Every structure is written in structure tokens, then in C-alpha cells.
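Engineer: Provided herewith is a single structure, encoded as C-alpha cells, for subsequent inquiry.
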Amino acid sequence: MLAEPTLTSRREDGRDVPLLVWRADRPLLSVSSAPLGGGIGVRHWVVNATVPMSYHRDDPADHLAELAGQLGLDGPGVGLLTGVDVAEVVARADAGVRVWATVGLGTPVQAAAPDLAADPVQAADPVPAAAPGPARRGVPAHRVGTVNIVVEVPARLGDAALVNAVATATEAKAQAIRELGLVATGTPTDAVTVLCPAGGEPSAYGGPRSAWGAPLARAVHAAVLAGGAGTVVPWSERRTA
């Protein structure tokens, strides 16, 4: 299964930039919306890397692959990016399900916001999904947004259950955000990764009332609620203050 994440850093543009690394003691089955290692497949590690709010690379998957190589990570893995200082990761567990979340809510949006749908420039979403949100048109550059959620379920989930688990995690995230007082369902750049053992009899369900979906929902809700309770300052702004 996944070891607890290790906080480390890499040298970029003259600065030590933090990142979190999870290593698995055996290959895990993953479903993810991450720029690197997204989709469904067997993965060996997860990286959640802080980037400055000026981040402008249009090849986030290649960037994350470079970071994985620098860390000596072997095999396929999952790579995430955020403007949040990943040292502020929040961990929660419930009935064997473990969750880690880095929570930046500076660019809260409703998924079906009419103003986004009516604006062809914003609807086209020219900023890569991995970029930390605030570079987006009309959004103040000093506000950090991106909620990255990593979930480990200790039992094998079938493919449909994995997809359902992503939906359950997203629903629990949205519930926490509303309880934090924001009229929003998330930010434009959120990502979810769910991992489970690659072997064993697969569970068919991952919804919020299923055996594994229920504790997953509670743990995600608790992590996002705790991570979003305070003011999150972008890592790059703290460094230059």
C-alpha cells in the first residue's frame, strides 16, 4: 500500500520548491484526473508538486515526469501540481480509507456557472488544467486555487467503482466547500486520485452509501473542511513577501 508521504523539495529557478511523494510497496490500481498518470491503470507512486503562481509551462505532464526522474521514481505514477504549499497537506482516515488533501480555495467556482458558459474565452479554458487557476482570465493572480485529493482504499475496486469513487470524493469535497461558506463546487483546476490494491475480488460500488464509498466520503469531507478552514497564501507569495 502507500507509505505516508515524504516532504522534499527540488531546485527550480534558484529556489527550493516543495513537493510530496507517496511510494507504494506494490503496484496499485489507480483512477485519476491528474495531468500525469490520469485515467485508469497500475501506478507505483504519486507526486504532488508545488509550483509558483507564475507557472506557465504548457507541458505539465512532461514537467512532472522530469520531477519523477529527479526523484528516482520507477514505473508509471501519478503527478499533480498546485500553487498551495504541499507542506500544508491535511490527512484524514476513516474505516481503513486514507485521504490526503492540499486545499486552495482562492478561485471558487460553481461547475455550471452561467457566466463561464456564456463567455467563449473562459469556456475555452486556455490555461492547462494543471496550472494553479489564478492565471485564468478574470481571476486575480494572487489568489491560490486548486484542491488536490489523494485517496487510498484498502480493498480492490472494480473499474466502475473506481469511477464512482471519484464522483463520491467530488461530492464530499463540494459538501465541505459549501459548509465553509462558499457558493462553489470546487475550483477550475481540482484533481482527484483514488488508489486501491490491484488484486483481489473487486467491489462493484463506490457510491456514498457503499461499503468503501461511505468512509471515503467522510474522510474527504473532513480533510477538505480542515484544509479550507484557514487562509491559504500561495507558496510563491510567501517566499517573496
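Engineer: All but one of (1) touching a Ser or Thr at 6+ places or on another chain (Cβ under 9 Å); (2) assigned to a helix (DSSP H, G or I); (3) surrounded by 19 or more Cβ atoms within 10 Å (Cβ to Cβ); (4) not small (Gly, Ala, Ser) hold for Arg178; state the number of the condition that does not hold.
Structural biologist: Result: Arg178 passes all but (3).
Engineer: Does Thr231 satisfy the condition of being surrounded by fewer than 16 Cβ atoms within 10 Å (Cβ to Cβ), β-branched (Val, Ile, Thr) and assigned to a loop (DSSP other than H, G, I, E, B)? Even if it seems obvious, please write down each step before you answer.
Structural biologist: Numbers: surrounded by fewer than 16 Cβ atoms within 10 Å (Cβ to Cβ): yes; β-branched (Val, Ile, Thr): yes; assigned to a loop (DSSP other than H, G, I, E, B): yes.
Here the answer is yes, as Thr231 does meet what is asked.
Engineer: Name the residue, out of Ala65, Ala87, that is under 29 Å from Pro197 (Cα atoms) and within 16 Å of the chain's Cα centre (by Cα). Break it down into steps so the answer makes sense when it comes.
Structural biologist: Working: Ala65 fails: within 16 Å of the chain's Cα centre (by Cα).
Going through Ala65, Ala87 in turn, the sole match is Ala87.
Engineer: Which of the residues that make up region 196-214 are crowded, with 20+ Cβ neighbours inside 10 Å and either of a type in the set (A, V, I, L, M) or assigned to a helix (DSSP H, G or I) (or both)?
Structural biologist: Listed by number, the list holds a single entry, Gly213.
Engineer: A further question on this structure: Which condition number in (1) in a loop (DSSP other than H, G, I, E, B); (2) under 17 Å from Asp94 (Cα atoms); (3) aliphatic (A, V, I, L, M) is the one that Val224 fails?
Structural biologist: Unmet condition: (1).
Engineer: Which members of region 87-113 meet the condition of being among the aliphatic types (A, V, I, L, M), open to solvent by less than 20 Å² (accessible area, probe 1.4 Å) and farther than 28 Å from Ala3 by Cβ?
Structural biologist: Ala113
Engineer: Report yes if some residue within region 44-59 is touching a Lys or Arg at 6+ places or on another chain (Cβ under 8 Å), in contact (Cβ under 8 Å) with a residue 12 or more places away in the chain and surrounded by fewer than 14 Cβ atoms within 10 Å (Cβ to Cβ); otherwise report no.
Structural biologist: Scanning region 44-59, I find no residue that is touching a Lys or Arg at 6+ places or on another chain (Cβ under 8 Å), in contact (Cβ under 8 Å) with a residue 12 or more places away in the chain and surrounded by fewer than 14 Cβ atoms within 10 Å (Cβ to Cβ), so the answer is no.
The values are calculated or read from the model by the stated rules, or taken from the named source; none is laboratory data. None of the values given here were measured: they were computed from a predicted structure. FYI the Cβ positions are ideal-geometry reconstructions off the backbone, even for glycines, and counts take in every protein chain you see. We work out accessible area using only protein heavy atoms, side chains counted, and drop any ligands, DNA or RNA first. Shrake-Rupley method; radii C 1.70, N 1.55, O 1.52, S 1.80 Å.
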